[in-house]
Structure formats: C-alpha cells, structure tokens
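Report on the structure given below.
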Amino acid sequence: MNAVSSASADSLRAALAAVLDGLPPNRAAQAVERLIANYRGTTPTDAPVLRDRSDVAAYAAYRMPATFEAVRGALDALRAAAPDWEPRTHTDVGGGTGAASWAVAEAWAQEPPRTTVLDWAEPALTLGRELAAGVLDAEWRRERIGSALSLAEADLVTVSYVLKELTEADRTALVTEAARAAQAVVIVEPGTPDGYERIIAARTRLVEAGFTVAAPCPHSGACPIVPGTDWCHFSARVSRSSLHRQVKGGSLPYEDEKFAYVAAVRFPVTPAPARITRRPQIRKGLVQLELCGPEGLGRDTVTKRHGPLYKQARDAEWGDSWPPEEDL
C-alpha cells in the first residue's frame, strides 16, 4: 500500500501545526525546557523521556523538523552512493513520533517502503500515528529499545537520536541487531563530540559485521581524525514556522541542526571521492575546502584559474561530495 499523500517538510509542518493547535503555550514551554535538559544532559535509560501528550506535542514541535532534516541529509548521501537501490521495508528503531520515517518516505517518494516504527513511549507512538495518518504506510509498535530487542529483517533500519538514551551495552546490542537484520543501516546522532564518538563506535561495529560505509566517509577504513582533537559532523538548515518559533522561544525563520551520521550497507555502493567536512571558506578569487578522502584529511584550494570548477566550489556546501561528479 502506498502513502495517500507525499511526506515532506511542508506536510510535516502542517501536521504539527494541527496537533499543537490549542496546546497551552506555557505547558509546551515547560515541557520543551525539560526536554532540552534531557537532550543536552544525561538521560536516564530506565524510563521513556516522553511521558504524556503535552511532552510529546512539545517534543514534536521542538525536535521533529530538525530530526527530519538531519535524517534527510544522511539519506541523500546514501542515495547518492546507491542511486539504484530502493528499500521495500523499513524499521525505524526508537522512532518516537516518526520524523525519520517521514524522511524515508520522502526519499523514496515514488514507492515509499512499508515502515515499522518501534518505540517504548506509547504517547509518542500515539501522536506519531496521528501525525502520519494518510501520509505514511506504517505500523506503530511499542518495544523496549535495548539488548533484548529482536528486529524483523528489513531492507533499511534507521536509528536516529536514540543511542544517547541507551547504556553502552544496549548501544552495542542494538547496532549488532540492526546489522543482523538489515541490508542498510543509517544512524544519526547529535553533531557533538560525544555524538560523533557514538557514531564512530557504531561505524566500527557495522564494518566488523561486514558492512561497507556508503556515507559520509569515502572509505570504510579507520576515521583519520585523532580522537579528542576534532569531530566529524554536518549541518542541516531547518525552516521554522511561527508556531515552532513560539514554542522554542526563537525569532529567526530558520535554525541549523548539527548532526553526525553513518550510512552502511551490505551491497555495492560508490562512496563520495571525498567529502567536504566544514563550511567552504570563500575568499577573493579562491575557495578553500576542508576534505576527508581515502588518503585522510586534506585541503583543496580552488581558484578562478580552475575555470568552471571555481564556480562549483563557490556553490559547494558543507557535507557535499567533492569534486563534482562531472569532473571525476
């Protein structure tokens, strides 16, 4: 069964606006403050973060658009590395209100995969089901996300902003189980040093399980970043509705979501020749690109003397593959 209407950032925002209509702003703000504290601090793993309808609605306003854009960025990179691959089944582990599932449905909009969303918070599943009505072809199922989780085989497994909520043992077990069940695994975490460390640990386990890294890395070897000196992360621009700004207490029409991710697969892919790892620095007559390539970290300086490549460098963005495909 195909989705009745298409999943997109716009349709998600419309669904969120409908759900949040009538929620007292002070209740939403209080829930957002607590959720921000959990997001930035240490979250207990013995209870769901989302406790009731107000929590879930606030979470949806605070996190769903950003999570959607971060997962969309990771999926775009996966699709670039495997343009002919289309998943027919998808499991969204710890999916909560379903932001990653919306991104997956948009990525393969011609024939979205059948999705199963697993989460331990029943209020999140209930709201996710409500938001997705008529949009996603999905089953919403309550499961304890941890070492006892058993996944059905699926083409694609996504795990977005979940690993931080788990103990180290449960993280390892979850990634191992995802590797057993899936043909492709996409894991997204906050773009912080500790989020990157969780991604690197998951990446290592996936490679050890026989997976090939499709993105963001141009190789499946060890990360060239010296531990503790830097971290690999990317940025996604998130449009914010007036209601979203009200709930989050912001004034800008957008925000930048920083995220780290890995996409790994069990089938042939063509990773990027190199990946732009920082915002390009545009100077008069030149562009400096910080890159990660098969040989490690490096820098490419593109000047006007490079002709059309110079314009492409000026248009390049953080996270893009480099050089452009036509120049390979």
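Key figures for this structure:
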quantity	calculated
Matching strands (runs of 3 or more DSSP E) fully within region 272-322 where at least 2 residues are of a type in the set (G, A, S)	296-303
Failed item, numbered, when Q110 is tested on (1) within 25 Å of D194 (Cβ to Cβ); (2) in a loop (DSSP other than H, G, I, E, B)	(1)
Residues that are touching a residue at least 60 places away in the same chain (Cβ under 8 Å), farther than 20 Å from S220 by Cα and in contact with a Lys or Arg (Cβ under 8 Å, 6 or more places away or on another chain), drawn from region 164-190	K164, P190
Matching residues, region 117-128, being touching a Phe, Trp or Tyr at 6+ places or on another chain (Cβ under 9 Å) and either under 14 Å from M64 (Cα atoms) or assigned to a loop (DSSP other than H, G, I, E, B) (or both)	A124, L125, L127, G128
Tally of residues being in contact with a His (Cβ under 7 Å, 6 or more places away or on another chain) and either surrounded by fewer than 20 Cβ atoms within 10 Å (Cβ to Cβ) or in a loop (DSSP other than H, G, I, E, B) (or both) across region 161-199	1
Residues located in region 121-160, provided they are open to solvent by 10 Å² or more (accessible area, probe 1.4 Å), among the small types (G, A, S) and more than 19 Å from the chain's Cα centre (by Cα)	A133, G134, S147, A148, S150, A152
Scan of region 291-313 for residues that are within 30 Å of the chain's Cα centre (by Cα), among the charged types (D, E, K, R) and open to solvent by 60 Å² or more (accessible area, probe 1.4 Å), ordered by number	E295, R299, K311
Matching residues in region 217-239 - criterion: being assigned to a loop (DSSP other than H, G, I, E, B) and crowded, with 18+ Cβ neighbours inside 10 Å	C217, P218, C223, W231, C232, H233
Residue within region 97-120 that is within 19 Å of E165 (Cβ to Cβ), at pLDDT below 90 and buried (at least 20 other Cβ atoms within 10 Å of the Cβ) present	no
Residue in region 78-96 that is nearest to L174 (Cα to Cα), counting only those that are part of a helix (DSSP H, G or I) and open to solvent by less than 10 Å² (accessible area, probe 1.4 Å)	L78
Extreme residue, modelled with the lowest pLDDT, among residues of region 56-77 that are farther than 15 Å from A100 by Cβ and open to solvent by less than 10 Å² (accessible area, probe 1.4 Å)	A58
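Table: residues versus (1) under 16 Å from the mean Cα position of the chain (by Cα); (2) over 22 Å from C217 (Cβ atoms).
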position: L78; (1), (2): yes, no
position: P83; (1), (2): no, no
position: E86; (1), (2): no, yes
position: H90; (1), (2): yes, yes
position: A105; (1), (2): yes, yes
position: Q110; (1), (2): no, yes
position: D119; (1), (2): no, yes
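The values are calculated or read from the model by the stated rules, or taken from the named source; none is laboratory data. These figures come from a predicted structure and were not determined experimentally. So basically every Cβ, Gly included, is an ideal-geometry build from the backbone, and we count neighbours across all protein chains shown. In case anyone asks, the SASA skips ligands and DNA or RNA and just uses the protein heavy atoms, side chains included. Shrake-Rupley method; radii C 1.70, N 1.55, O 1.52, S 1.80 Å.
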